[in-house]
Structure formats: C-alpha cells, structure tokens
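K.L.:
The structure follows.
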Ligand code: SF4
Ligand code: SF4
C-alpha cells in the first residue's frame, strides 16, 4: 500500500489545504494524523459512521479500601507521582512498579478514555480522524491507531493508497505519521522560520529513510526565501514538486468550506497531485 504523508515543520504552512485538495483528487483513504490540532474534518464535512474510544496509557490507581497506608509505593515511585496515598495522574508514567510492589494488591492499572476516533464518509471517500480530550497527551499512540484504522479500511475496500495529513513539528506524532510513508510531501512557506522548519522535518524524514519532496506554498510572497529553499533542495537532491502561488481567494474558500479549491492555487495543487501520481506513486 502506498502512503503519502503531508507534513510541515510547524502548523499553518498550508499542509491541510494541500491534503484537502488531494482528498478530492485521489482514490484513497484519507486520515487526519494532526491529532493535536485536527481541522481537515472541517473542510471535508464528514458523516460519522463509527466512533471508537481512544484509551491512553494505563495509569496507577489506589483502591482506598485495600490500602494499608504502608507508604511503600510513595517511596518507590521514581516520578514522585504518589503523595498521601493518592496518585497524581499527570506525573504517573504508567510504569507499573507500584502496582507490582504493593503488598496489599491495592493498586490497579487503569486505562481511561482520552479521546475518540471517527470513521467517516465524505463525498470524496473514506476519512478517519480523531479528537483528543483537552489537555490529553500521548498523541503518537493515537496517530498510530488512526493510521492503522485508515489502512484497514483501505485494505477492505481494495484501495491501495493512503493520504495522511501529518502532525506538525518534529516530535512523536509526526514520526508516527511518517511510519510506512512512501512519500513525505513537505509543505514549506517562504519565510526564514519556514525554511528552518522545512530543513528540520526533511532531516527527520531522511532519518527514517523516507524520501522527502517539497511543495512551496505562497512562493511568490518572498522570492528571496523561495530561492533559498530551492538552493537547499537542489544541493540536497530534493525534488520540488510544485510552487503554489499566493491566492487571496483561498482563505475565503476555506471559510466557506468550498472544496475543491478553485483558482490559481487550487490549479497548482491539482498539478502537484498529477506530478506525484505520474512520478512517484
Ligand atoms: S504500597 Fe499499597 S498498601 Fe502501601 S501505601 Fe501504597 S497502595 Fe497503600
Ligand atoms: S505506575 Fe509508576 S509512575 Fe505511576 S505511580 Fe506507579 S510507580 Fe509511579
């Protein structure tokens, strides 16, 4: 199964705009792996078919009635997560040491619901996304689950392509979104911070042996930095698959949830998709 993961060094570079357009063009299962800031579902207007609870890592919980208040668990916890016979959920790393050590068997390890995964249909095809409850972490695990569900749906329907809106940044969620990718399409904006973000995420993709390709979004807003991006790509043998012009109609079309996007930016994204299909998929 082929997998295109659309990434950028940080949020706001335009990767969701690009992914949403790809969703309208490809025969693929699409998933939003940007689980910390998901917004692809807003554009794709999905109809939810199934909701799956997402459970985070198991954390310790003291059963008060069984606890003899010996204090052993508090002494043993390396994360200082136990005080006065109560577990601090934020500090608990779920190592299970206290659970195994408690002489009274008064500690259980409990996984609580941390969010939800949605299997949906859109007018462009199957789409999977997830929402974490406010303040919840462990989004790398959630990204893995979203990706695996999307892959299973594709297999069941004889579709051999996944398109993922990857997580932003270079942390655990983006690494999880890159797993199994045939292509990492890096959407870069022509600002100096955008250039630095692009370099970092390209290094990450290459570290995992995934060939990065680059699309420059709003390339004409700063031709000097666009030239720097091009120089970097050329000297590092990275193909630039498209240069998306600034199009003031795109924010309006996004606000009106109009997909596929029309105009010069939309046309360039169509060309990028054809380029990927012909040369890379
Ligand atoms: S080790 Fe068990 S019995 Fe002792 S304080 Fe902790 S929970 Fe209570
Ligand atoms: S599971 Fe590990 S981190 Fe959590 S309270 Fe017990 S010993 Fe501490």
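The values are calculated or read from the model by the stated rules, or taken from the named source; none is laboratory data. Everything quoted here is computed from the prediction, not taken from an experiment. Note: ideal-geometry Cβ built from the backbone for every residue, glycine included; neighbour counts use all protein chains shown.
K.L.:
Among 104, 155, which is part of a helix (DSSP H, G or I) and surrounded by fewer than 17 Cβ atoms within 10 Å (Cβ to Cβ)?
P.N.:
From the options 104, 155, the qualifying one is 155.
K.L.:
Condition first: touching a strand residue (DSSP E or B) at 6+ places or on another chain (Cβ under 7 Å), surrounded by 15 or more Cβ atoms within 10 Å (Cβ to Cβ) and part of a helix (DSSP H, G or I). Can you find one or more residues in region 246-262 that meet it?
P.N.:
no
K.L.:
Then there is this: Hey, can you tell me all the residues within region 82-98 that are under 18 Å from residue 68 (Cα atoms) and either surrounded by 18 or more Cβ atoms within 10 Å (Cβ to Cβ) or more than 14 Å from ligand 1 (Cβ to nearest atom) (or both)?
P.N.:
Matches in region 82-98: 82, 87, 98.
K.L.:
Still on this structure, I have one more. May I ask you to say which residue of 87, 107, 82 is in contact (Cβ under 8 Å) with a residue 40 or more places away in the chain, within 13 Å of ligand 2 (Cβ to nearest atom) and over 26 Å from residue 6 (Cα atoms)?
P.N.:
107
K.L.:
Still on this structure, I have one more. Which one of these is in the same structural domain as residue 30 (by TED's automatic domain parsing), touching a residue at least 40 places away in the same chain (Cβ under 8 Å) and farther than 25 Å from residue 43 by Cα: 236, 196?
P.N.:
Result of the check over 236, 196: 196.
K.L.:
Here's another thing I want to ask about it. Quick check on residue 145: is it on the phi < 0 side of the Ramachandran plot, more than 16 Å from ligand 1 (Cβ to nearest atom) and assigned to a helix (DSSP H, G or I)?
P.N.:
So residue 145 passes the test.
K.L.:
If you check residue 59 against the conditions, is it within 13 Å of residue 107 (Cα to Cα), at pLDDT below 95 and within 16 Å of ligand 1 (Cβ to nearest atom)?
P.N.:
Yes: the conditions hold for residue 59.
K.L.:
Right, next: Just to be sure before I move on: is residue 116 in contact (Cβ under 8 Å) with a residue 40 or more places away in the chain, within 14 Å of ligand 1 (Cβ to nearest atom) and not in a helix (DSSP H, G or I) in the structure I sent?
P.N.:
In short, no.
K.L.:
Among the numbered criteria (1) in contact (Cβ under 8 Å) with a residue 12 or more places away in the chain; (2) not in a loop (DSSP other than H, G, I, E, B), which one does residue 206 miss?
P.N.:
(1)
K.L.:
Same structure, new question: Given the structure, is residue 144 out of contact with any strand residue (DSSP E or B) (no Cβ under 8 Å at 6 or more places or on another chain), away from ligand 2 (no atom under 16 Å from the Cβ) and touching a residue at least 12 places away in the same chain (Cβ under 8 Å)?
P.N.:
yes
K.L.:
Would you mind stating whether residue 177 is in a helix (DSSP H, G or I) and surrounded by fewer than 16 Cβ atoms within 10 Å (Cβ to Cβ)?
P.N.:
no
K.L.:
Are any residues in region 43-78 within 11 Å of ligand 2 (Cβ to nearest atom) and loosely packed, with under 13 Cβ neighbours inside 10 Å, and if so, which ones?
P.N.:
75, 78
K.L.:
If you take just the strands (runs of 3 or more DSSP E) that sit entirely in region 23-101, which of them hold at least 3 residues that are within 30 Å of residue 158 (Cα to Cα) and touching a strand residue (DSSP E or B) at 6+ places or on another chain (Cβ under 6 Å)?
P.N.:
Answer list for region 23-101: 29-32, 47-55.
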